[in-house]
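Right, one structure below, let's go through it.
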Amino acid sequence: MSHQRWMIYGANGYTGDLTARLAVSRGARPLLAGRNAAAVRALADELGLDHVIFDLRDPVATRRHLADVDAVAHCAGPFVATAGPMVDACLDTGTHYLDVTGEHPVFEAVLARDADARAAGVVLLTGAGFDVVPTDCLANLLHAALPDATALELAFVAPGGLSRGTATTGLSMNARGGWRRIAGTLVSTPMGTPARDVPFPTKVRRVGAVPWGDLVTAHHSTGIGDIVVYTRVPAPSLLSRLIRFAPVRALAARAIKRQPPGPTAATRAATTCEVWGEVRNAAGEVRTATLTGPNAYDLTADALHRAVEHLLAGAAEPGAHTPATAFGPDFLTHLDRVVVKAP
């Protein structure tokens, strides 16, 4: 392609909207896209941007609209349903692909397309938001400090509330329970188990194991076989047990749709995220690192836009990537208000 043009698909969603506004504030002119014609058109008119409307369930229309763009920032979940059609179309049209998923099956499916991406000469970058830029990069900084590490623990706190999309995805993830990686294999565990006290930069917090994306992405990028990811987990309740049943999840999903789209600007401005990581080797040596940053959704929009810029500048080799394998762990240094303390 002879020009550098990029698209935000799902621009009318919470993350897509944030990313579009941030990009425009930095002088970028993304093409807005999605299947909700009224909402996409309204945002495009407000920001003075071009827009197109198409549904990923229409493969012909999808390829027609992607043929004229160099990269697509895919923000339309649930990614377990939408990532596959978008990746297939990107491979056919030679379009770089980025998403902000947090779903294990999506990470695994995208990373499994490495040979296809290399053959097509495109980058498939999964997890280009808070899932999993800060944790993946921190894991790789730690791995560089202790290359023979055999165990990795990561923990994060991200207050300020969830978007509707994140909350809806969380329903299905919570229904499947917890996970950790042991000797290279994903093992099902009760949500919140194991638990531990973690010394975050601001204070020590009690956290429990959760099915976070680094169980897939950090294993892919570092090769470490034992991985646990922690965050604050609510105490077990009747609802947490009932959510395993589809009718209960459907009721909860309808309730989520009645909530605001996501945290307000004031809430985002008043909240920050923290990440902690630790690696250990067979000899018992330990390295730790921490990260502080803005609200997780602000970090997502920033990371996604900067990742697009990096891809358009040719900063990553063709193939399927995590953030750290695409740009290196120092990608964190390009993000606004992110402070890293690493070995």
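Summary of values
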| read-out | value |
| --- | --- |
| Answer from L171, L186 - the residue that is at pLDDT 90 or above, open to solvent by less than 70 Å² (accessible area, probe 1.4 Å) and out of contact with any Gly (no Cβ under 9 Å at 6 or more places or on another chain) | L186 |
| Residues satisfying the stated conditions in the stretch 192-209, i.e. in contact with a Lys or Arg (Cβ under 9 Å, 6 or more places away or on another chain) and aliphatic (A, V, I, L, M) | A195, V198, V207, A209 |
| Filter result for G160 (open to solvent by 20 Å² or more (accessible area, probe 1.4 Å), at positive phi and at pLDDT below 95) | yes |
| Subset of the stretch 18-45 [in contact with a strand residue (DSSP E or B) (Cβ under 9 Å, 6 or more places away or on another chain), outside any loop (DSSP other than H, G, I, E, B) and either in contact (Cβ under 8 Å) with a residue 40 or more places away in the chain or among the charged types (D, E, K, R) (or both)] | T19, A23, G34, R41, D45 |
| Meets criteria (modelled with pLDDT under 95 and surrounded by 24 or more Cβ atoms within 10 Å (Cβ to Cβ)) for D131 | yes |
| Members of the stretch 41-54 that are farther than 16 Å from M86 by Cβ and surrounded by 15 or more Cβ atoms within 10 Å (Cβ to Cβ) | R41, L43, A44, L47, L49, H51 |
| Test: residue in the stretch 292-311 that is surrounded by fewer than 15 Cβ atoms within 10 Å (Cβ to Cβ), at pLDDT 95 or above and over 27 Å from L111 (Cβ atoms) | no |
| Among (1) touching a Pro at 6+ places or on another chain (Cβ under 9 Å); (2) open to solvent by 20 Å² or more (accessible area, probe 1.4 Å) - the single one A20 does not satisfy | (2) |
| Flag if T15 is more than 22 Å from V122 (Cα to Cα), modelled with pLDDT of 95 or more, β-branched (V, I, T) and open to solvent by less than 60 Å² (accessible area, probe 1.4 Å) | yes |
| Selection count, the stretch 188-221, where residues are among the hydroxyl-bearing types (S, T, Y), touching a strand residue (DSSP E or B) at 6+ places or on another chain (Cβ under 7 Å) and under 20 Å from C137 (Cβ atoms) | 1 |
| Qualifying residue in the stretch 257-264 (condition: surrounded by fewer than 22 Cβ atoms within 10 Å (Cβ to Cβ), under 22 Å from F130 (Cα atoms), at pLDDT below 60 and not polar (S, T, N, Q)) | no |
| The stretch 312-323 - residue that is open to solvent by less than 10 Å² (accessible area, probe 1.4 Å) and not β-branched (V, I, T) and, of those, farthest from the chain's Cα centre (by Cα) | G319 |
| Meets criteria (polar (S, T, N, Q), assigned to a helix (DSSP H, G or I), within 25 Å of L18 (Cβ to Cβ) and modelled with pLDDT of 95 or more) for T166 | no |
| Where a residue in the stretch 209-221 is over 17 Å from E278 (Cβ atoms) and its partner, wherever it lies, is open to solvent by 20 Å² or more (accessible area, probe 1.4 Å) and among the aromatic types (F, W, Y), with Cβ under 6 Å and at least six apart | P211/W179 |
| Unmet requirement for R113, which otherwise passes all of (1) open to solvent by 40 Å² or more (accessible area, probe 1.4 Å); (2) of a type outside the set (G, A, S); (3) more than 30 Å from G223 (Cα to Cα) | (3) |
| Per-region count, the stretch 95-126, residues touching a Leu at 6+ places or on another chain (Cβ under 9 Å) and modelled with pLDDT of 95 or more | 20 |
| Residue ID - surrounded by the fewest Cβ atoms within 10 Å (Cβ to Cβ), chosen from residues in the stretch 204-223 that are assigned to a loop (DSSP other than H, G, I, E, B) and of a type in the set (G, A, S) | G223 |
| Pairs where the first residue, in the stretch 145-159, is farther than 23 Å from W179 by Cβ and the second is open to solvent by 40 Å² or more (accessible area, probe 1.4 Å) and not in a strand (DSSP E or B), C-beta under 6 Å, 6+ apart | A145/P343 |
| Top-ranked residue in the stretch 55-77 [being at pLDDT 95 or above, of a type outside the set (A, V, I, L, M) and touching a Gly at 6+ places or on another chain (Cβ under 8 Å); ranked as surrounded by the fewest Cβ atoms within 10 Å (Cβ to Cβ)] | H74 |
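The values are calculated or read from the model by the stated rules, or taken from the named source; none is laboratory data. As the structure is a computational prediction, the values presented were derived from the model and not from experiment. Please note: Cβ atoms are built from the backbone with ideal geometry, for glycine as well, and neighbour counts cover all protein chains shown. Heavy atoms of the whole protein, side chains included, go into the accessibility calculation; ligands, DNA and RNA do not. Shrake-Rupley method; radii C 1.70, N 1.55, O 1.52, S 1.80 Å.
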